[in-house]
Amino acid sequence: WWATLPAFVPGDFDAYIAVFSNNLATMLIAVGIVVDKIGSHHTYDYMVPAVAVSMAFGCIFYVIQAQLKAAATGRTDLCAQPFGINTPGVFAFAFSIILPVYYSNGGGVTGSKFDLVVEEGAQKLAWEVGVMANFVQGCVEIVLSAVGPGIAVAVPVVALLGSLASIGLTFLFTNSMQGEVFAPMVGFVPFYMIILAIYAGVKLPKIPAMILPVAFGTVVAWIMRRDAVATEDIVRHASDLVGWTPPMLTFSAFGNLAKVAPYIPVVFPVALTVSVGTIQCREVAAKAGDDYNLRASMLGDGLATVVAALFGSPFGMTVFIGHPGFKAMNACIGYNLLCAASFLVVCLSGMAG
């Protein structure tokens, strides 16, 4: 069964560029939001490697799902479901759990009242509560996987797809558009090149469609050398973080389970949103011709989130939006394998810093 679908096809590379860049951007945004609130140690020694492990786990999970589906049906045109970081959950957990815990426990004090012990204690507690909340979220998602098919039957598909479209427009399109407006030559020109490649078929022969936009944006960024986009100082500072950082299981957060209780009103809605989002993404995949098992998809999200928490990440994982687009690119399973390998390399080598 494990070789029913080809490991790599030409369309996988285009899909890989899209999924990897989107997830990498989400992770870097998350790092930027919480690094001062949970400390560099917890961010780069635990959270970032944990993202790599959970990303690899989820990507491989959905590759196996596609292979099993292909073996059972004899189909070779399946596209594995994309997987990644739960973008809305990043903002919900960061601003509604991590930051409040950090500030309510004495963090963020400056000037003569600054106390290093209090600051480090607030950072540690904020990280532990965030991780524990993420673990609870994953467990809730696992439980909800048992009733997922019932939800899918009871709720009209139109209602599911409408809210999914709003998430994509709000968090994925608008967030990315802000960066493009900040540096139009670096962002907008590649954007239109991608539009032309996908919708008008304008592309160079024998070259993956996403290569040229990425290469163009990179070259222009370094020619312009605009602050906060591409400068030698940024690279020089980031190079100090490069080094082998293995993932480490951590159970210290479990001592703060009781402190998660006040944040259940945040944890449960996020878990419910992720579960409903998985139902939505699976419905989209089914409409594109790939009718995957819903309960298994929801279970995969919950397990990956639990894995993320056990290795020290306060952010959940989920099936990603975009399956029909990747299927239209003729992607199969290789793009998920490439994403898993790339995140392991980037996050465990220190390059994510």
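In table form, for the structure just shown:
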| quantity | calculated |
| --- | --- |
| Residue match in segment 224-241 (condition: modelled with pLDDT of 75 or more and either open to solvent by less than 70 Å² (accessible area, probe 1.4 Å) or touching a strand residue (DSSP E or B) at 6+ places or on another chain (Cβ under 6 Å) (or both)) | no |
| Residue in segment 62-69 that is part of a helix (DSSP H, G or I) and touching a Lys or Arg at 6+ places or on another chain (Cβ under 9 Å) present | yes |
| Filter pass, Leu212 being of a type outside the set (Gly, Ala, Ser), open to solvent by 50 Å² or more (accessible area, probe 1.4 Å) and modelled with pLDDT of 70 or more | yes |
| Selection from segment 57-89 of residues that are open to solvent by 60 Å² or more (accessible area, probe 1.4 Å) and closer than 19 Å to Phe311 by Cβ | Phe57, Ile60 |
| Of residues in segment 303-353 being out of contact with any helix residue (DSSP H, G or I) (no Cβ under 6 Å at 6 or more places or on another chain) and closer than 11 Å to Met55 by Cβ, the one surrounded by the fewest Cβ atoms within 10 Å (Cβ to Cβ) | Ala341 |
| Matching residues in segment 266-292 - criterion: being open to solvent by less than 30 Å² (accessible area, probe 1.4 Å) and assigned to a loop (DSSP other than H, G, I, E, B) | Asp290, Tyr292 |
| Total residues in segment 249-265, condition open to solvent by 70 Å² or more (accessible area, probe 1.4 Å) and outside any helix (DSSP H, G or I) | 2 |
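The values are calculated or read from the model by the stated rules, or taken from the named source; none is laboratory data. Predicted, not measured: the structure shown is a model, and the values here were computed from it. All Cβ positions, even for glycine, are placed from backbone atoms using ideal geometry, and neighbour counts span all protein chains on display. Side chains are part of the model used for accessible areas, which takes the heavy atoms of the whole protein and leaves out ligands, DNA and RNA. Shrake-Rupley method; radii C 1.70, N 1.55, O 1.52, S 1.80 Å.
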